[in-house]
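K.L.:
Dropping the structure in here first, questions after.
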Amino acid sequence: MAVYTEVPDDELDSFAREYDIGRVVSCKGIAEGVENSNYLLQTDRGSYILTLYEKRVDPAELPFFLGLMEHLAARGLACPTPIPGRDGRALRSLCGRPAAIVSFLAGVWHARPRPEHCAALGEAMAEMHLKGADFGGRRPNSLSVAGWRPLFEAIRPRAGQIDPSLAPLVADELDLLEASWPSDLPVGLIHADLFPDNVFFLPTDAGGERVSGLIDFYFACTDILAYDLAICLNAWCFETDGAFNATKARLMLGAYRKRRPLSEPELAALPLLARGAALRFLLTRAYDWLNTPAGALVKRKDPLEYLRKLRFHQGLTGPGGYGIAP
Ligand SMILES: Nc1ncnc2c1ncn2[C@@H]1O[C@H](COP(=O)(O)OP(=O)(O)OP(=O)(O)O)[C@@H](O)[C@H]1O
Ligand SMILES: N[C@@H](CCO)C(=O)O
């Protein structure tokens, strides 16, 4: 459940009057998501998403995220478009929180994506990288290699409550990644959290499915482009029993490469980038596991899933493990 801030009717009404979106018919809290409070806002003119930004979003960074969505949507990427108020401002305040309304995207996400979904994801990601190339904003990735050690130090004293092997494994992995993290790969605008729940699909007339929307750009940043693929190798290409599905990886990478070719160094770096991506989600999940108060409405995500994924990538000798020819 991700509705941290309840919005009283009178505050909602006066907030909605700051926009040219029609009369509010309903406003329902959306249970999915863990970061922000999201509402499905229906007016007599259409559907919108109202987001109140919560603890992990720095208000100073919101103009970057909203500006990016506006940039990508203007270039034809299927992503939410921020709706400006009558005064032209998209970023406002509601119930003491920064808040914005964005366009609603139709579609469903797949908890168990099939190989064809992974191919469609690869193509959509490449399109996003290409369309993001001329975005003027820059945002360093605070959850890349320099951010992992402080997170580790914060969880280290209680990491044993999750698993006894966690702290020693992370300590060794961090040493290795800090020493060998690449600094010469192509960099650009990346989503950095393109998990299945952030990618919507709709059926096509031909009986297949197409990507109908990419959402949740609140971790987007300027970082190694291939790191976005590494995040998705982790998030899309493992089965629920923990087995890695090389067919899904091959299709995702193949579709990406058709739109944006990968250089030899990018391909060679994939196992290392995938280890970093696994460590990043292991650390944030472990932090949340240890710091989410008992009785909180949010369902905690399993850190150990990412410990197992990390071990898989550690066992690879090259990118051939992802079903592609090096
Ligand atoms: N533009 C949109 N169109 C349609 N539905 C949306 C849109 N934005 C968000 N949603 C709905 O709200 C849910 C939560 O949104 P989102 O993923 O942005 O939240 P979050 O709190 O940032 O979550 P997390 O970071 O955990 O994924 C989505 O799963 C989706 O159901
Ligand atoms: N996608 C993240 C949570 C939201 O950022 C995870 O699965 O750990």
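The values are calculated or read from the model by the stated rules, or taken from the named source; none is laboratory data. All figures in this text were calculated on a predicted structure; none of them were measured in a lab. Note: ideal-geometry Cβ built from the backbone for every residue, glycine included; neighbour counts use all protein chains shown. For the accessible areas, the whole protein counts, side chains as well, though only heavy atoms, and no ligand, DNA or RNA atoms are used. Shrake-Rupley method; radii C 1.70, N 1.55, O 1.52, S 1.80 Å.
K.L.:
Conditions first: (1) surrounded by fewer than 21 Cβ atoms within 10 Å (Cβ to Cβ); (2) within 24 Å of residue 37 (Cβ to Cβ). Residue 261 passes all but one, so which condition is the exception?
P.N.:
The number of the failed condition is (2).
K.L.:
When the residues of segment 271-309 are filtered to those that are without any contact (Cβ under 8 Å) to a residue 40 or more places away in the chain and touching a helix residue (DSSP H, G or I) at 6+ places or on another chain (Cβ under 6 Å), which remaining residue is farthest from ligand 2 (Cβ to nearest atom)?
P.N.:
Once the filter is applied, the top-ranked residue is 300.
K.L.:
Which of the residues spanning segment 13-55 are out of contact with any Phe, Trp or Tyr (no Cβ under 7 Å at 6 or more places or on another chain), without any contact (Cβ under 8 Å) to a residue 60 or more places away in the chain and open to solvent by 50 Å² or more (accessible area, probe 1.4 Å)?
P.N.:
Of everything in segment 13-55, those that are out of contact with any Phe, Trp or Tyr (no Cβ under 7 Å at 6 or more places or on another chain), without any contact (Cβ under 8 Å) to a residue 60 or more places away in the chain and open to solvent by 50 Å² or more (accessible area, probe 1.4 Å) turn out to be 13, 14, 17, 23, 25, 31, 42, 44, 45, 55.
K.L.:
Restricted to segment 91-119, and to residues that are among the basic types (Lys, Arg) and farther than 16 Å from residue 36 by Cβ, which residue is most open to solvent (accessible area, probe 1.4 Å)?
P.N.:
Start the filter on segment 91-119 by keeping residues that are among the basic types (Lys, Arg), which leaves 92, 97, 112, 114.
Narrowing further to those that are farther than 16 Å from residue 36 by Cβ: 112, 114.
On the way: 112: 175, 114: 107 Å².
Ranking the qualifying residues of segment 91-119, first place goes to 112.
K.L.:
Sort through 34, 24, 57 and tell me the only one that's in contact with a strand residue (DSSP E or B) (Cβ under 8 Å, 6 or more places away or on another chain), within 12 Å of ligand 1 (Cβ to nearest atom) and not assigned by TED's automatic domain parsing to the domain that holds residue 197. Can you show your working first?
P.N.:
Details: 34 fails: in contact with a strand residue (DSSP E or B) (Cβ under 8 Å, 6 or more places away or on another chain); 24 fails: within 12 Å of ligand 1 (Cβ to nearest atom).
The unique qualifying residue is 57.
K.L.:
Let me ask something else about it. Kindly list the number of the only condition in (1) open to solvent by 40 Å² or more (accessible area, probe 1.4 Å); (2) under 24 Å from residue 33 (Cβ atoms); (3) in contact with a helix residue (DSSP H, G or I) (Cβ under 9 Å, 6 or more places away or on another chain); (4) not hydrophobic (A, V, I, L, M, F, W, C) that fails for residue 240.
P.N.:
Result: residue 240 passes all but (3).
K.L.:
Could you look through segment 243-254, keep only residues that are assigned to a helix (DSSP H, G or I) and open to solvent by 20 Å² or more (accessible area, probe 1.4 Å), and pick out the one that is farthest from residue 305 (Cα to Cα)?
P.N.:
Top of the filtered list is 254.
K.L.:
Having 1 or more residues that are on the phi > 0 side of the Ramachandran plot and at pLDDT 95 or above is the bar; report the strands (runs of 3 or more DSSP E) wholly within segment 1-88 that clear it.
P.N.:
Fully inside segment 1-88 and qualifying: 46-52.
K.L.:
Please enumerate the residues belonging to segment 37-53 that are touching a Lys or Arg at 6+ places or on another chain (Cβ under 7 Å) and near ligand 1 (Cβ under 8 Å from one of its atoms).
P.N.:
40
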